[in-house]
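Below is one structure, written out as structure tokens, with a few remarks after it.
Read the figures in this text as sums done on the coordinates, not as results from a lab. Bear in mind the structure is a predicted one, so any value in this text is a computation, not a measurement. FYI the Cβ positions are ideal-geometry reconstructions off the backbone, even for glycines, and counts take in every protein chain you see.
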Amino acid sequence: MGITELTPDYRELLDLTGRHVLVLGGGLGIGRQTCLAAASVGARVSVADADEARAKAVAEEVGGLALTGDATVRADVERIFAEAVRRFGPVHGLADIIGIADNGPLSEVSDELWQRGLDLNLRHAFLALQVGAKAMEEGGSMVFVGSVSGLRSAPGHAVYGAAKAALSNLVSTACLELGPDIRVNVVAPGQTATPRIAERHPEPDYYERAGARVPLGRVGSTSDIASAILFFLSGLSGWITGQTLVVDGGTGRKFAYSDS
């Protein structure tokens, strides 16, 4: 007996009306855009950020709930999820945007910098997986933001790259343990124009020079990454779990010695 092929309503698969999405690190850059993206297709959005003012500002933009805490502290993560569930009901989508790159030579990495890199790029994901799974009693989708630094090597990226590589492996294991009810995936951006990158590179022509090395002719925008996250949060990715999706404008496909 063959399988009957049914054609779904693709607009309905994208629609998150009635769904509750919690965004960790939602107050800035990719996180803010993810909140806007989820709200634009009907989701109730809980905006969690370490900065209370940022969380409140974005929550006001999307008509959502502002939550504040340190995502590397278990008690804070438990409180964030508990309050989100109390106000908006079970979580159906989790987007964890948190991550900071402290770049520098491996020989100069202190114990403190190593631990900070693991906390800010990996520990919060471990806590979000444990605590978040309990808050997703109706099932759903978790999306974590990794990096191409976790898939390829670059001088000065030892701590950040190692943590992001571990994140992809953590997620691939989590998908086996949390399925079939919860899907877990990673979006790995290439160079993206975020507020933090702008602070590090204030040169007027920085993005133009960086974009010239990208096959698609520009660096990524926060909305490029939020779009990929929204895909994973929605039913359009209903048979995808345990994957790391690279969103880098094609840069990773270039020959290493290519000049353009």
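Observations, loosely collected:
- When 197, 229, 98 are sorted by how many other C-beta atoms sit within 10 angstrom of their C-beta, beginning with the fewest, the order is 197, 98, 229.
- With Cα atoms, 0 to 90° folded angle of helix 29-40 axis to the chain main axis: 30
- Rounded to 5, the percent of DSSP beta bridges in the chain classed as antiparallel: 0
- Annotation: lysines with alpha-carbon distance below 28 angstrom to residue 164 (same-chain offsets under eight excluded): 134, 254.
- Within the chain: Cβ-based charge dipole about Cα centre, in debye rounded to nearest 20 (Lys, Arg +1; Asp, Glu -1): 240
- C-alpha center-to-center spacing [segment 1-29, segment 220-245] in angstrom: 10
- Residues whose amide H comes within less than 5 Å of that of residue 66, counting only those at least five positions distant or on another chain, are 47 (H built at 1.01 Å from N in the peptide plane).
- Under 5 Å, built H, 5+ apart or other chain: amide partners of residue 246: 188
- Under the Karplus curve 6.51 cos²θ - 1.76 cosθ + 1.60, θ = phi - 60°, whole-Hz ³J(HN,Hα) for segment 43-50, x wherever Gly or Pro sits: 6, 7, 10, 9, 9, 10, 7, 5
- Net charge of the neighbourhood of residue 215, taken over other residues with C-beta under 11 Å away and scored Lys/Arg +1, Asp/Glu -1, is +3.
- Here the 3J(HN,Hα) profile of segment 187-193, calculated from phi with Karplus coefficients 6.51, -1.76 and 1.60 at θ = phi - 60°, is 10, 10, x, x, 4, 10, 7 Hz, Gly and Pro shown as x.
- Among 228, 158, 63 the positive-end extreme of the charge dipole of the chain (Cβ point charges): 228
- Per-residue ellipticity at 222 nm from helix content only, as computed over the chain with -39500 (n - 2.57) for each DSSP H run of at least four residues, stands at -12500 deg cm²/dmol.
- Footprinting exposure proxy for 207, 160 (fewest neighbouring C-beta atoms within 10 Å first): 207, 160
- Using alpha-carbon coordinates, inclination of helix 74-88 to the longest axis of the chain, degrees: 40
- For residue 183, residues with placed amide H under 5 Å, excluding near neighbours: 140, 141, 142
- The Cβ shell under 14 Å around residue 87 holds other residues with a net charge of +2, Lys and Arg each +1, Asp and Glu each -1.
- Cut-off 12 Å, label 7 Å out along Cα→Cβ of residue 5, residues of segment 220-246 by amide N: none
- Cut-off 12 Å between beta-carbons: net charge of the residues surrounding residue 159, Lys and Arg +1, Asp and Glu -1: -3
- Potential lengthening between residue 53 and residue 181 on full extension [0.36 nm per residue; Cα-Cα distance subtracted]: 42.6 nm
- Most mobile of 147, 107, 221 in a GNM of the chain (Cα contacts under 10 Å): 107
- Applying the Karplus relation 6.51 cos²θ - 1.76 cosθ + 1.60 with θ = phi - 60° to segment 170-182 yields 3J(HN,Hα) values of 4, 5, 5, 6, 4, 5, 6, 8, 9, x, x, 7, 10 Hz, where x marks Gly and Pro.
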